[in-house]
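Notes for the one structure printed next.
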Ligand code: GDP
């Protein structure tokens, strides 16, 4: 993907605040501090388009970024700071659920997971929930630079098993080395093309 432009358009909480357009949107979800901002910045070749290391507990907003005047990358608030994370509704809130269920322009969700961490119920429930609602997902395992190749392979095996998905469903990524960037773009492009073909 050649990036010609990437710009912040607006933040929103309620649907009436979402930007008005007919372009496809790809949303990014993940636990706070997982590396979501870093991934988006690497994708669009910008250091600080999305602010990194946000203070937890701040007002939660959905941020919309327009890329190449052609599609939007949508940064959903991070989850996981709740003291008792339960179901999606409790741990992440109606803000995200409303966006995911109501947004007609949504083509798919990129879920970002730390490759070093065994996914918990929040992640497993979220992926199930996306499937139940027929929302396509891309699963990105980030911070791979923090593990050796053999550790990566072991973690990948464990995570694939835990989600009961296929190896091909996961993309290994590092915000530090940028490895995996083109694979993430290929998957996003496929989601965007999918929708245009319908
Ligand atoms: P967010 O809260 O999910 O948006 O996470 P950030 O993108 O702000 O990243 C949280 C912290 O992890 C920051 O200190 C980043 O520099 C670091 N980080 C993010 N991605 C990677 C990665 O792939 N490798 C390494 N080594 N550090 C990363």
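Tabulated data
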item: Residue among 112, 138 that alone is more than 12 Å from the ligand (Cβ to nearest atom) and part of a strand (DSSP E or B); result: 138
item: Residue that is nearest to residue 123 (Cα to Cα) [pool: residues in segment 156-198 that are assigned to a loop (DSSP other than H, G, I, E, B) and touching a strand residue (DSSP E or B) at 6+ places or on another chain (Cβ under 6 Å)]; result: 173
item: Matching entry among 44, 67, 50 (being under 18 Å from the mean Cα position of the chain (by Cα), modelled with pLDDT under 95, under 21 Å from residue 191 (Cβ atoms) and buried (at least 17 other Cβ atoms within 10 Å of the Cβ)); result: 50
item: Residue 150 vs. criteria touching a strand residue (DSSP E or B) at 6+ places or on another chain (Cβ under 9 Å), away from the ligand (no atom under 15 Å from the Cβ), outside any loop (DSSP other than H, G, I, E, B) and at pLDDT 95 or above; result: no
item: Of all residues in segment 93-108 being without any contact (Cβ under 8 Å) to a residue 60 or more places away in the chain and assigned to a loop (DSSP other than H, G, I, E, B), the one that is farthest from residue 27 (Cα to Cα); result: 93
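The values are calculated or read from the model by the stated rules, or taken from the named source; none is laboratory data. Predicted, not measured: the structure shown is a model, and the values here were computed from it. Positions of Cβ are backbone-derived with ideal geometry, glycine not excepted, and every protein chain shown enters the neighbour counts.
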